[in-house]
Amino acid sequence: MAYAPTLTADLDANPAPRVEVQFPTLDPSCQTINIERTQEGRTYQVRGGISKFAVGGAAVLDAEAGFGLPLTYRAEMFDSSGVSLGYTDSATVTLAVTDTWIHQPLSPALAVKARVFVATSNSVQRVTPGQFVIPEGASVGMWIGGQRQGIQGLQFQFRVDPSDADTFQNMFGSYSSDYPGVVCVRTPPPVRLPRTLFLSPSQSGPVETAQANFQYITYVMGGNESRPPSNAIIIPLLRREDLDAAYATRGAKNAVYPSRLAQDTDYSKAGLAG
């Protein structure tokens, strides 16, 4: 089957490195798609790409793609009755990023670049719950337990520029906003963490310390690896209000874009509505 996506690696900080995933053509009967990414042998649903309307093509920005490794994308297509039409072909790209980035999954605009301290790698612990028992009369014991779990008790230590400190704190909500207590942490090799790590901080939250006359802000954030918020939920970087703010009338807007897909991927207009 054809219809492989077109992938573009965006390495800039607007607001963070990401992959543009476009499906310019799809099966003529396709109504919606589910987009997925495979990395490190693990398959993720791409945020904002679940049950996505796809008549005339579809696109999504993947702000959770890992750094420094192959990223393979494809989509499952569905007709108007929700019946699967099969998968598209896949395509692969790499985000050649050597920095660490942290963002709020539901609002990718809340993103900061961080410098991770070496001590972080000293506290990585993955637990396998269970116990070692020796049955009566046995000469050796046996392990009775469950599946290995994600990282627990991580002491994530890093620093950010002072200008990014408020953005980082706002990832956990503010007086006027509310977000789940999970952030997406993307580290480059050779940091011994998953390239895409969803981290739920401990109840005490990140501990902030100013250093060297506020030249940088350091954090120690204890927490556990977590499931991400629902991948169907996102505050998109490019909104309908942004496009409306860019053009005086709908006619003027329609005259600029040859297709809906071209309109939906004009990311230069992101944030114009404030």
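Looking at the chain, what % of its DSSP beta bridges pair antiparallel, to the nearest 5? Write out the running numbers ahead of the final one.
Working: 64 of 64 bridges.
About 100 percent, rounded to the nearest 5.
How large is the charge dipole for the chain, taken about the Cα centre, if only the Cβ atoms of Lys, Arg (+1) and Asp, Glu (-1) carry charge, to the nearest 20 debye?
220 debye
Taking the chain as a Gaussian network, Cα atoms linked when under 10 Å apart, which of 231, 34, 213 shows the biggest mean-square fluctuation?
Residue with maximal mean-square fluctuation among 231, 34, 213: 213.
Once all Cα-Cα distances of the chain are split into 5 Å bins that start at 0, what whole-number percent is in each one?
Per 5 Å bin, starting at 0, the Cα pair percentages come out as 1, 5, 11, 14, 16, 14, 12, 9, 7, 5, 3, 2, 1, 0, 0, 0, 0.
Mind listing the phi-derived Karplus ³J(HN,Hα) values for the range 58-66, rounded to whole Hz, using 6.51, -1.76 and 1.60 with θ = phi - 60°, and x for any glycine or proline?
The phi angles translate into 7, 8, 8, 9, 9, 8, 10, 5, x Hz.
Given contacts defined as C-alpha pairs under 8 Å and at least six residues apart, what's the relative contact order of the chain, whole-number percent?
17 percent
With a/c under 1.5 counting as rounded, go ahead and sort the range 24-163 into rounded, prolate or oblate using the C-alpha gyration tensor (a ≥ b ≥ c being the square roots of the eigenvalues; past the cut-off, prolate if a/b is larger than b/c, else oblate).
Numbers: a/c = 3.03, a/b = 1.40, b/c = 2.16.
Note, shape of the range 24-163 comes out oblate.
Once you've got the GNM for the chain with C-alpha springs shorter than 10 Å, pick whichever of 191, 182, 97 has the biggest mean-square fluctuation.
191
Once the convex hull of the C-alpha atoms of the range 153-274 is built, how many Å³ does it hold per residue, rounded to a whole number?
168 Å³
For the range 14-22, what does the Karplus curve 6.51 cos²θ - 1.76 cosθ + 1.60, with θ = phi - 60°, yield as ³J(HN,Hα) per residue in whole Hz, taken in order and with x for Gly and Pro?
10, x, 7, x, 7, 10, 7, 10, 10
Just read off the accessible area of residue 50 with the full protein assembly in place, 1.4 Å probe, to the nearest 10 Å².
Residue 50 exposes around 40 Å² with every protein chain in place.
Ordered by residue, what ³J(HN,Hα) values in Hz, to whole numbers, does the range 226-238 give under the Karplus form 6.51 cos²θ - 1.76 cosθ + 1.60, where θ = phi - 60° and Gly and Pro are x?
With coefficients 6.51, -1.76 and 1.60, one gets 9, 5, x, x, 3, 6, 7, 10, 6, 8, x, 5, 9 Hz.
Report, by chain and number, residues whose modeled amide H sits under 5 Å from the one on residue 222, excluding near sequence neighbours (fewer than 5 apart, same chain).
Amide H to amide H, under 5 Å and 5 or more residues apart or across chains, residue 222 pairs with 156, 202, 207.
Ignoring any ligand, DNA or RNA, what whole percent of the accessible area of the range 143-265 comes from carbon and sulfur when the probe is 1.4 angstrom?
48 percent
Amide H of residue 127: which non-local residues (sequence gap of 5 or more, or other chain) have their own amide H closer than 5 Å, using H built in the peptide plane?
149, 152
Which residue fluctuates most in the GNM of the chain (Cα springs below 10 Å): 86, 181, 57?
Maximum among the listed residues: 86.
Using the alpha-carbon centroid of each, what span in Å lies between the range 25-53 and the range 158-209?
Computed from Cα coordinates, the inter-centre distance equals 27 Å.
In whole angstrom, how far apart do the alpha carbon centroids of the range 238-266 and the range 90-115 sit?
About 26 Å separates the Cα centre of the range 238-266 from the one of the range 90-115.
For residue 107, which sequence-distant residues (separation of 5 or more, or a different chain) have an amide H within less than 5 Å of its own amide H, given hydrogens modelled in the peptide plane?
For residue 107, whose amide H was placed from the backbone, the distant partners under 5 Å are 235.
Farthest toward the dipole's positive end in the range 153-205, which of 184, 194, 165, given Cβ charges of +1 (Lys, Arg) and -1 (Asp, Glu) about the Cα centre?
The listed residue farthest towards the positive side: 194.
Mind checking which lysines have their C-alpha under 17 Å from residue 269, skipping anything on the same chain fewer than 8 residues away?
Those lysines meeting the cut-off are 253.
Counting only heavy atoms of the protein chains, get the accessible area per residue of the chain (1.4 Å probe) and round it to a whole Å² value. It would help to have the intermediate numbers written out before the result.
Numbers: 14110 Å² over 274 residues.
Computed with neighbouring chains in place, this is 51 Å² per residue.
Can you give the calculated 222 nm mean residue ellipticity of the chain, where each DSSP H run of n ≥ 4 adds -39,500 (n - 2.57) and the sum is split over every residue, rounded to the nearest 500 deg cm²/dmol?
Values: 4 runs with 25 residues, N = 274.
Computed ellipticity for the chain at 222 nm equals -2000 deg cm²/dmol.
The values are calculated or read from the model by the stated rules, or taken from the named source; none is laboratory data. Owing to the predicted nature of the structure, the values given are computational and were not obtained by experimental measurement. Reconstructed Cβ throughout: ideal geometry from the backbone, glycine too, with neighbour counts over all protein chains shown. With ligands, DNA and RNA removed, areas are computed over all heavy atoms of the protein, side chains included. Shrake-Rupley method; radii C 1.70, N 1.55, O 1.52, S 1.80 Å.
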